Amino acid sequence: MTQGGPFTLGQLAEALGATLEGDPALAVRGVAPLESAGPDEVSFLLTARYRRLAETTRAAAVVAPAEATALPGAVLRVASPQAALITLLRLFHPEPPHVPGVHPLAFVAEGARVDPSAAVGPFVVVETGARVGRRTRIGALAFLGAGAGVGDDVLLYPRVVIRDGVQVGNRVVIHPGAVIGADGFGYAFDGTAHRKIPQVGGVRIEDDVEIGANSTVDRGTLGDTVIRRGSKVDNLVQVGHNCDIGEDVILVAQVGISGSCRIGRRAVLAGQVGIADHVTVGDGAILTAQSGVPSDVPAGEVWGGTPSRPSAETRRIWAAERMLPDLVRRLRGLEKRIAELERGRA
Amino acid sequence: MTQGGPFTLGQLAEALGATLEGDPALAVRGVAPLESAGPDEVSFLLTARYRRLAETTRAAAVVAPAEATALPGAVLRVASPQAALITLLRLFHPEPPHVPGVHPLAFVAEGARVDPSAAVGPFVVVETGARVGRRTRIGALAFLGAGAGVGDDVLLYPRVVIRDGVQVGNRVVIHPGAVIGADGFGYAFDGTAHRKIPQVGGVRIEDDVEIGANSTVDRGTLGDTVIRRGSKVDNLVQVGHNCDIGEDVILVAQVGISGSCRIGRRAVLAGQVGIADHVTVGDGAILTAQSGVPSDVPAGEVWGGTPSRPSAETRRIWAAERMLPDLVRRLRGLEKRIAELERGRA
Amino acid sequence: MTQGGPFTLGQLAEALGATLEGDPALAVRGVAPLESAGPDEVSFLLTARYRRLAETTRAAAVVAPAEATALPGAVLRVASPQAALITLLRLFHPEPPHVPGVHPLAFVAEGARVDPSAAVGPFVVVETGARVGRRTRIGALAFLGAGAGVGDDVLLYPRVVIRDGVQVGNRVVIHPGAVIGADGFGYAFDGTAHRKIPQVGGVRIEDDVEIGANSTVDRGTLGDTVIRRGSKVDNLVQVGHNCDIGEDVILVAQVGISGSCRIGRRAVLAGQVGIADHVTVGDGAILTAQSGVPSDVPAGEVWGGTPSRPSAETRRIWAAERMLPDLVRRLRGLEKRIAELERGRA
């Protein structure tokens, strides 16, 4: 990480569009959480939950929303502390300068087109017919297969694999070890062996997508696997062949999505969720961690559990489960008492 | 993907051993699913489930079984549409031509033996004593450790790691990022620290195995971890030390198998299944997605759930679970009514 | 694996501090499990569970504890067979000799410091400001980002990625494909898009930690993600940003830990466990396989299930679940009988 600053509170107020309550000449050297910030750092209050920490922080200044009061030091008032924090972090930790050019130890095959403004690291392989866009950075040891296309302002971290023919949009970020476009998992059992169904489709990653470390997105059997604009995928996630992941979807770490699923726009799949093949998850649906999803999930609902159900129902089941051993005992007691009553009656 | 064709329906009928109902001179340029195929493409009807799509497809011709009727265009009748589809996909998407030779930017250590018919990509490392068989392709940035052996007609995609001493058979396919032969996870706690148990065994991958992207197969502590002939392993799967994975086994994405398990021939483990150590899964057993398997599973049975049980039982439990909150309510009602009856009787 | 030996039983007794019951001149060539050992191999009896195998082994000698009797061949008596086995395996399978030096095909940027006693493999990238300690080995195709620091006697296997600024202690082992220091998964939804929160913190891996193949440890948002001394992490594990993994913790394969968790000293998380964000797992706690952990776990307890509960409770629930379909039936029966009794009374 590169280091920016120091900045005066006056400079920060201007950069954040904040109203400063405090000394504009005071300089700070970094950003830190409320509990660990020192007197030469600026901190931030994102939610009322942390108000107590804000009241005792040693930070020189706190970025805070209008409603936060009783803060000990200077205050940088903003409408959205979350957005201000992003600006603040970029000020103190600017992106390293972009140095265009192909490293002499990279291998760019004949017939590949690398824009002169792109940066290609050592031991990168760009195969024939591949295309690298403007200002795009390809980290060391990454691989772009034949005919793969990567747009503008993309950041591929070291050791990413983009297989042949995969198309990546603009401003996409892919973290180390991710594999985009490996064969989908398709076989036909012919009575004696599993015969491989050639996976001749591709993958299309749209603009502003981010994909985590060591995640895998398989190519389609026929036609493309698609991850749409703005979706964010965490580490060690598996996306099967011919899936269609909608816009602004969140896939948390270790999620597994089987083949031919449709995940609706702005859906959120929490960690370790598993989705069976050909399932549709509706727009804006939320699946809680470790959900096992055998069939479609309606738009806008929160579901959880295995098999997944509406979360309210899953929570009632989980609460009742705790009583289950006790229920067995009580049921046995009732059976005895009824038998007794029946005997009395006979 | 390379592109073959166009082909006439007559040529396709011959290649597929199909009976053609239609114009043998009509040419098609590609394969596509029923719903998206255009008038210059051939499509396929694998199961009766998609019959309605077949009746309205725009495809020039459909590969279909004997029983499919009322198809709008030409028909290529075959005994097994599944097998025909594989042939069809290979016709239109032939493997890229094999170009033997070691890339000048590869590093092959002294004492390694690479067959002259093999193809070794840029930035590949082949360590001393390693052996690469005939017509085998080693993708860019892959690593073969000292003494590792890879058979004939193997395809290692870019960035595969085969650690020292690992033995890989013929016609094996390993996808990007897979790691074969990392140390098994074995420690002995001596009262103050976890002391590592050296993992001195190996891995043996038999013929016709396929292993997915970023999967990991650990070497044995003593003796080998084995994946037997014809087994297919999806992405992000973990196979622990000293496991014995039988022939023609299917391990779907994100499956985790602990150490010293035996998975029987033709067993199928669906996505995210976890198997405890020293467990035996019988031949042909099926474990449904996310199963947690603490103990042996009988041959030929379908099990599911955590802890895994016969699927019929698991399904009954899942159905009953939904009634659980209601059961609690009903049980309370009964307790009141019985108390009432008992009072009346006293 | 390199091969040591053969050794006489006399030599082994001395190396292990064992009392030999047998011929000190007898030579053995290797170590093998009881059931497969041949007459020129030494075996080991770790627990009484395997006593029967020991009684019929063909091994020339068995490493065994004081209480093991009726063994057929020579015996090497030791206080801790587990510790003796570690010594034995290292004798027969010594580490390959350390050959210092930077491979001519490695790329070490200006301003990086690699100790002359370190060994750096082919196609390794060491970026500017990075530091490699004494006798440390960096496997082929590994990547060390700008300003990353790796201590003494570290072993990075091929194709490890250590991103910029990550600090790795001494005697750490990291297996192929692991990614240390990728961005944490943090976004703020601004009403129209997920805006990335820059992840400007780092990762600190303390001494004697081991990290498995293709595992991922994310860098902190602000401040460090920490894995403390002696912890052992298996393959395909995800550790989120700003986690604090205590000393001597065990994380088994495919465990997923969300952001800002604290895992106490000597805790054990079995395979596929998932932990929600901001959760504290107490010192010495054990989480059984596939546990889903939404909230804190007390020190020293064994918990399991989803949602995780004390294991004794989870086991009772699992046992009662099996009766659930039967309970429904019995409850219906009771309802009928009570209605009958109530009618009789009316």
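Each value in this text was obtained by applying a stated rule to the coordinates, not by laboratory testing. A quick note: this is a predicted structure, and the numbers were derived from the prediction, not measured. Positions of Cβ are generated from backbone atoms using ideal geometry, with glycine treated the same way; all protein chains shown enter the neighbour counts.
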Practice item. Under 1.5 on a/c is rounded, so check that first for the stretch B:268-340, then, if it is not, pick prolate when a/b is larger than b/c and oblate when it is not; a ≥ b ≥ c are the square roots of the alpha carbon gyration tensor eigenvalues. Key: prolate
Check your understanding: Can you work out ³J(HN,Hα) from phi for every residue in the stretch C:202-207, in order, using Karplus 6.51 cos²θ - 1.76 cosθ + 1.60 and θ = phi - 60°, giving whole Hz and x for Gly and Pro?
Key -> x, 9, 10, 9, 7, 4
Review point. Residue A:152's amide H: which non-local residues (gap 5+, or another chain) put their own amide H closer than 5 Å, with H modeled 1.01 Å from N in plane and none for Pro or chain starts?
Key: A:134, A:170, A:171
Revision key, fill the gap. Partner shielding of B:138-149, as the mean number of partner chain Cβ atoms within 10 Å, equals 5
Practice item. Could you pull the copy-to-copy label distances for residue C:134, with points set 7 Å along Cα to Cβ, in nm to one decimal and sorted shortest first? Key: 5.3, 5.3
Revision key, fill the gap. Inter-part gap, Cα centre of the stretch B:107-141 to Cα centre of the stretch A:43-64, in whole angstrom, is 58 Å
Review point. Given C:87, C:48, C:22, which one lies farthest toward the positive end of the charge dipole of the stretch C:7-92, if we put +1 on the Cβ of every Lys and Arg and -1 on the Cβ of every Asp and Glu?
Key: C:48
Check your understanding: Mind checking which aspartates and glutamates have their C-alpha under 18 Å from residue B:336, skipping anything on the same chain fewer than 8 residues away?
Key -> A:326, A:335, A:340, A:342, B:326, C:335, C:340, C:342
Point to revise | Shielding by other protein chains, C:269-280, mean Cβ within 10 Å | key: 4
Practice item. Output the peptides A:172-181, A:149-158, A:266-275 sorted from most to least packed, where packing is the average of other Cβ atoms within 10 Å over each peptide's residues. Key: A:172-181, A:266-275, A:149-158
**Study point:** Rounded to the nearest 20 debye, dipole of the stretch C:7-92 from Cβ charges on Lys, Arg, Asp, Glu
**Key:** 220 debye
Practice item. Over all directions, average the projected area of the Cα convex hull of the stretch A:5-159 and note it in nm². Key: 11.0 nm²
Exercise for review: Would you mind giving the mean number of other chain beta-carbons within 10 Å of the Cβ of each residue in A:313-322, as a whole number?
Suggested key: 6
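Which value, in debye to the nearest 20, describes the size of the charge dipole of the protein assembly as shown about its Cα centre when Lys and Arg Cβ atoms bear +1, Asp and Glu Cβ atoms bear -1, and nothing else is charged? Before the final figure, lay out each step's value.
Numbers: 108 positive and 111 negative charges, 597 e Å.
Dipole of the protein assembly as shown, to the nearest 20 debye: 2860 debye.
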Exercise for review: Could you work out the relative contact order of the stretch C:201-346, using alpha carbon pairs under 8 angstrom and six or more residues apart, expressed as a whole percent?
Suggested key: 12 percent
Check your understanding: According to the Cα gyration tensor, what semi-axes, each the square root of 5 times an eigenvalue, does the equivalent ellipsoid of the protein assembly as shown have, listed from largest to smallest in whole Å?
Key -> 43, 38, 38
Practice item. Arrange the following residues from fewest to most other Cβ atoms within 10 Å of their Cβ: C:335, C:321. Key: C:335, C:321
Practice item. Tell me the distances, shortest first, between residue C:29 and the same position across the other copies, using label points 7 Å along Cα→Cβ, in nm to one decimal. Key: 6.6, 6.6
Check your understanding: Between residue C:134 and residue B:329, what is the label-to-label distance in nm when each label sits 7 Å out along the Cα-to-Cβ direction?
Key -> 7.3 nm
Check your understanding: Stokes-Einstein D for the stretch C:101-312 at 37 °C, 0.692 mPa s, Kirkwood Rh over Cα pairs, in µm²/s?
Key -> 190 µm²/s
Point to revise | Volume per residue that the Cα convex hull of the stretch B:234-308 spans, once the total is divided by residue count, Å³ | key: 57 Å³
**Study point:** Alpha-carbon Debye profile of the stretch A:7-92, log10 I(q)/I(0) at 0.15, 0.16, 0.17, 0.27 Å⁻¹
**Key:** -0.41, -0.48, -0.54, -1.60
Review point. By per-residue mean of other Cβ atoms within 10 Å, what is the highest-first order of B:127-134, B:285-292?
Key: B:285-292, B:127-134
Review point. Of A:208, B:283, C:183, how do they rank once you tally other Cβ atoms within 10 Å and put the fewest first?
Key: B:283, A:208, C:183
Revision key, fill the gap. For B:237, B:161, ascending order of other Cβ atoms within 10 Å (fewest first) is B:237, B:161
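Using helices alone, I'd like the mean residue ellipticity at 222 nm for the protein assembly as shown: each DSSP H run of four-plus residues gives -39500 (n - 2.57), total over residue count, nearest 500.
-5500 deg cm²/dmol
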Review point. Hey, what do the phi angles of the stretch A:255-265 turn into as Karplus ³J(HN,Hα) couplings, whole Hz, using 6.51/-1.76/1.60 and θ = phi - 60°, x for Gly and Pro?
Key: 5, x, 10, 6, x, 6, 8, 10, 10, x, 3
Practice item. Post the alpha-carbon centroid distance, the stretch C:157-172 to the stretch A:274-340, in whole angstrom. Key: 43 Å
Study note, to complete from the structure: With Rg from the Cα atoms and Rh as the Kirkwood inverse mean 1/r over Cα pairs, the stretch B:173-252 has an Rg/Rh of 1.05
Exercise for review: Compute the separation of the alpha-carbon centres of the stretch B:193-256 and the stretch C:178-222 and state it in Å as a whole number.
Suggested key: 28 Å
